[in-house]
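The block underneath contains the structure these notes are about, expressed in structure tokens.
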Amino acid sequence: GVLLTTTLAIITICRFEISASSTFDMGIFAQMYYNLRENFNLNTTCERQELLSHLHVHTSLIYYLFWPIYMIFPHTETLLILQALSVGIGVLPLYLLSDKIGFNKTECVIISLIYALSPAAFGGVFYDFHENVFLIPLLLFLFYSYESDRLIPTIIFSIAVCAVKEDATLFVIVLGMYSIISRRSVKKGIIITLIGLIAMAIAFSYISKYGNGL
């Protein structure tokens with residue numbers, strides 16, 4: 001996980017330093033975090049060629065999670081390091097989840113290596129900063145919490161997944177429905193499904209009313 005984080009951070013920072021980053025999406029979010037620091041809003045001018053909040057395009061409340069760190073280190077490189085860390089830390093819940101469902105230690109390490117070498121896990125960082133990158137690690141934390149039968153962490157990570165983007169709510173709804181239909185935990189499944197449905201309803205109605213539409 002440390003090696004993956006370090007590698008991704010170095011490569012993406014080098015891309016930024018030689019101006020290989022694109023306006024979409026590095027420029028959008030560099031500007032957005034500047035405005036978040038100065039005015040506590042997610043406004044951009046280059047995302048839709050007009051001044052508007054990024055929340056009018058996608059309900060990505062997850063970006064507020066990095067705000068305190070960016071306030072201390074207000075640099076674009078900070079965002080790239082945090083993004084690399086988010087991908088690298090995904091090794092932890094994956095390893096724990098693999099161990100939880102019965103793989104031996106060697107198999108857990110192999111599974112973790114497959115994750116670390118998978119373009120599906122880290123490919124998004126080369127675009128160069130995007131909320132979708134946070135989805136896989138958060139889902140892995142959600143699945144581990146679910147399999148560990150820990151309700152509070154399951155609720156927290158369900159909400160965190162929903163905060164990535166409006167369509168990420170579908171992942172939470174599917175997990176909840178699986179839990180109900182499989183009868184593994186009907187009560188927990190109902191809670192998870194309701195979180196996903198409520199988050200979807202709020203996100204979709206907000207974008208439809210105040211944003212650029214779904």
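For the range 1-110, what % of the accessible area comes from carbon and sulfur atoms, probe 1.4 Å?
Its accessible area is 67 percent carbon and sulfur atoms.
How big is the dipole moment of the chain about its Cα centre under a simple scheme where the beta carbon of each Lys and Arg is +1, that of each Asp and Glu is -1, and everything else is neutral? Debye, nearest 20, please.
Charge dipole, the chain, about its Cα centre: 720 debye, nearest 20.
In whole angstrom, how long is each semi-axis of the equivalent ellipsoid of the range 1-156, when you take the square root of 5 times every eigenvalue of its Cα gyration tensor and sort them from largest down?
In descending order, the three semi-axes are 31, 19, 12 Å.
Using the alpha-carbon centroid of each, what span in Å lies between the range 124-163 and the range 28-56?
One Cα centre to the other: 24 Å.
Which whole-number value in Å² is the accessible area per residue of the chain, probe 1.4 Å?
51 Å²
Which of the peptides 24-32, 203-211 is most tightly packed, and how do the rest follow, judged by the mean count of other Cβ atoms within 10 Å per residue?
24-32, 203-211
Could you tell me which residue out of A120, L97, T59 lies farthest along the dipole of the range 33-158 toward its positive end? Charges go on the beta carbon: Lys and Arg +1, Asp and Glu -1, centred on the Cα centre.
Towards the positive end, the residue furthest out is L97.
Under 23 Å Cα-Cα from K100, which lysines qualify once same-chain neighbours fewer than 8 residues away are excluded?
Partners found: K187, K188.
Using the Kyte-Doolittle scale, which helices in the chain average at least 0.5 and also have C-alpha atoms spread 15 Å or more along the helix axis, with helices defined as whole DSSP H runs?
Long hydrophobic helices here: 2-17, 76-88, 105-116, 135-147, 151-162, 169-181, 186-210.
The values are calculated or read from the model by the stated rules, or taken from the named source; none is laboratory data. This is a predicted model, so every value here is computed, not measured. Glycine also receives a Cβ, built like all others from the backbone with ideal geometry; neighbour counts cover every protein chain displayed. The area values use the complete protein model at the heavy-atom level, side chains included, leaving out ligands, DNA and RNA. Shrake-Rupley method; radii C 1.70, N 1.55, O 1.52, S 1.80 Å.
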